[in-house]
Each structure stands twice: as C-alpha cells, then as structure tokens.
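Below is one structure, written out as structure tokens; the observations come after it.
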Amino acid sequence: MLELGGLTKSFGQTHILKAVDLKVMRGEMVFIIGPSGSGKSTLLRCCNRLEEPTDGKIWVGGVDICAPSTNLNKLRQDIGMVFQSFNLYAHMTAKQNVMLALRKVQKKSKAEAEAIALKFLTQVGLAERADFYPSALSGGQQQRVAIARTLALGPKVVLFDEPTSALDPELVGGVLQVMRQLREEGMTMVVVSHEMRFARDAADRVIFMADGVIVEQGPPEQVFGAPQHPRTREFLSSLN
Ligand code: ADP
Ligand code: MG
C-alpha cells in the first residue's frame, strides 16, 4: 500500500533521513518508535509531501507520488494525517470541522457532507457531540473529531504523528480505542507514538528509528521482548 525506496531528506547539510526503505502492507498497522529528532515526523511528512524528499521514491498503491503529475489535494485525501495538535477550527462545531474539506475539496452537497460527517463522528463515538464547539470538548474528544475529519475523506492510509502526546493520561485510552477499531476494520496505518504498551498490544510491526535510519524492525514481541541492536536496547531501557 505504501512503499519508500531510498527515501532521503536533508535540510541544507543536515541529513535527516538516510535512504530509508520501507514497505507497509494493506491493512497493516506499523509503529515507528525512536528518540526525539530521529526523523520520524519528517518521514511521515514526506509521505504526503508536506516535506519534499531530497531523493528516493514513494509509492502509494504502486503509484509514484513524487511524479510531477501528482495532484497534491488528491494525495492528501489518500494519505490522511493526524497530528499531535488537532488543529480544529474553534469557530466551527465538530460536525462543521468534519464537513469542511468534504464541501470545499470534495465538493459534496451540504446534505451529503453532513451525512458523512455524522457517520464518522459516530464511528469515533461522538455522535452526541456533533454540534459542540471544540472549546466544549476534551482534548481526547477533539482528537477524535480530527480523526473523523481525516477518515471522512476516504484515505487509503492514515499516518498518525504522536496522536496522544498532547493529551492528559485519562484521555489517551479513548483515542487508542478508535485506532484499535480502525485496525480491526482493515485500515492501513503508520503510527509514531510513545505508547509502548499500545504498540506492543496492537502493532503488526514495530520499527525502531535513530539518526535517520531504520535500526531494527520486527513484530512487537521481538522488538520489545528481544531487541537485537544495542541502540534499541538503550532506547527501550531509557523509557523505564
Ligand atoms: P522526530 O519526529 O523523530 O522527533 P523530526 O523528523 O521532527 O524528528 O526531526 C528530525 C530532525 O530534523 C531534527 O533534528 C529537526 O530539528 C530537523 N528538522 C525538522 N524539520 C526541519 C526543517 N524544516 N528545517 C530544518 N531542520 C528540520
Ligand atoms: Mg516528531
């Protein structure tokens, strides 16, 4: 579903991603863990071209998304992204936030956009909060609105960049529950997260990144239970 071949990103003389190869299968939930500054966010951002790769290739469903003919609007609907900061519009209700791109980008009718928005707000457990403004929602609920907004556009892959890092601990579970349900429905997901217990439990594969390279990867029980590389061991033990 998503493939990176020799993905390289430099800012000036600083090499952030160093020829990263990665294949994510349809329906797979891949976690990326690693120290701060290792290039995790940059990798995700290259996948929908919020950052332009310096070198290398990215394919989505076999299509080269770095080709000059790529429609970036379409790409960003195909590759949804959920950020740490949910970025909802404060002057719009939950439903209006979800409807916005359906109306403006996908040119849906108001009735159709509304029906889709309600469907996805229901999926994230917020049907009753559809007409609430963000200020009347908890951080966890706001993040679930942001997830509904991404899902409403019909993505093939969803990238999550530390989706629970800004939340109070008691609000994390609701967001993880939505992600777990998405996995059961067969969504392809790449998740950067520090929720190691969740990764251990829900990931199909865990990738440890450091200094712009994939140091080690494997099933969660292997990477967490029997890490092969000293860097991985050092990182995991620093968390406890
Ligand atoms: P992570 O998400 O793993 O913490 P990032 O991908 O955010 O790492 O960042 C990796 C490195 O790239 C960091 O050293 C960061 O300072 C640098 N970096 C990220 N974006 C830019 C940018 N736009 N310009 C210059 N350096 C950047
Ligand atoms: Mg990051």
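The values are calculated or read from the model by the stated rules, or taken from the named source; none is laboratory data. Given the structure is predicted, the values throughout are model-derived calculations rather than measurements. Methodologically, a virtual Cβ is constructed for each residue, glycine included, from the backbone with ideal geometry; neighbour enumeration extends over all protein chains shown. Side chains included, ligands, DNA and RNA excluded: accessible areas come from the protein's heavy atoms. Shrake-Rupley method; radii C 1.70, N 1.55, O 1.52, S 1.80 Å.
Points worth noting:
- The combined condition, being within 16 Å of ligand 1 (Cβ to nearest atom) and either farther than 24 Å from ARG200 by Cα or open to solvent by 40 Å² or more (accessible area, probe 1.4 Å) (or both), is not fulfilled by SER138.
- Some residue of segment 47-68 being free of Cβ contacts under 8 Å to residues at least 40 places away in the same chain and within 18 Å of ASP211 (Cβ to Cβ): no
- For segment 33-76, filtered to residues that are open to solvent by less than 30 Å² (accessible area, probe 1.4 Å) and of a type in the set (S, T, N, Q), the residue that is farthest from the chain's Cα centre (by Cα) is SER38.
- Members of segment 81-103 found to be open to solvent by 20 Å² or more (accessible area, probe 1.4 Å), in a loop (DSSP other than H, G, I, E, B) and away from ligand 2 (no atom under 16 Å from the Cβ), listed by number: LEU88, TYR89, ALA90, HIS91, MET92
- The residues of segment 8-62 that are small (Gly, Ala, Ser), away from ligand 1 (no atom under 13 Å from the Cβ), farther than 30 Å from GLN177 by Cβ and in contact with a Ser or Thr (Cβ under 8 Å, 6 or more places away or on another chain), listed by number, are ALA19, GLY56.
- The single condition from (1) in contact with a helix residue (DSSP H, G or I) (Cβ under 6 Å, 6 or more places away or on another chain); (2) at pLDDT 95 or above; (3) part of a loop (DSSP other than H, G, I, E, B) that GLY27 fails is (1).
- Considering segment 1-18, the residues that are in contact with an Asp or Glu (Cβ under 8 Å, 6 or more places away or on another chain) and aliphatic (A, V, I, L, M) include one that is farthest from ligand 2 (Cβ to nearest atom), namely MET1.
- The test for being crowded, with 18+ Cβ neighbours inside 10 Å and either without any contact (Cβ under 8 Å) to a residue 60 or more places away in the chain or in contact with a Ser or Thr (Cβ under 7 Å, 6 or more places away or on another chain) (or both) does not hold for GLN143.
- Answer residue from segment 166-220, given it is of a type in the set (Asp, Glu) and within 23 Å of ASN87 (Cβ to Cβ) and is most open to solvent (accessible area, probe 1.4 Å) among those: GLU170
- Count of residues meeting criterion [over 20 Å from VAL20 (Cβ atoms) and part of a helix (DSSP H, G or I)] in segment 231-240: 5
- Looking across GLU162, GLU114, one residue alone is in contact (Cβ under 8 Å) with a residue 12 or more places away in the chain, closer than 19 Å to GLY80 by Cβ and acidic (Asp, Glu). It is GLU162.
- Every test in (1) in a loop (DSSP other than H, G, I, E, B); (2) within 27 Å of LEU75 (Cα to Cα) is passed by LEU167 save one, and that test is (2).
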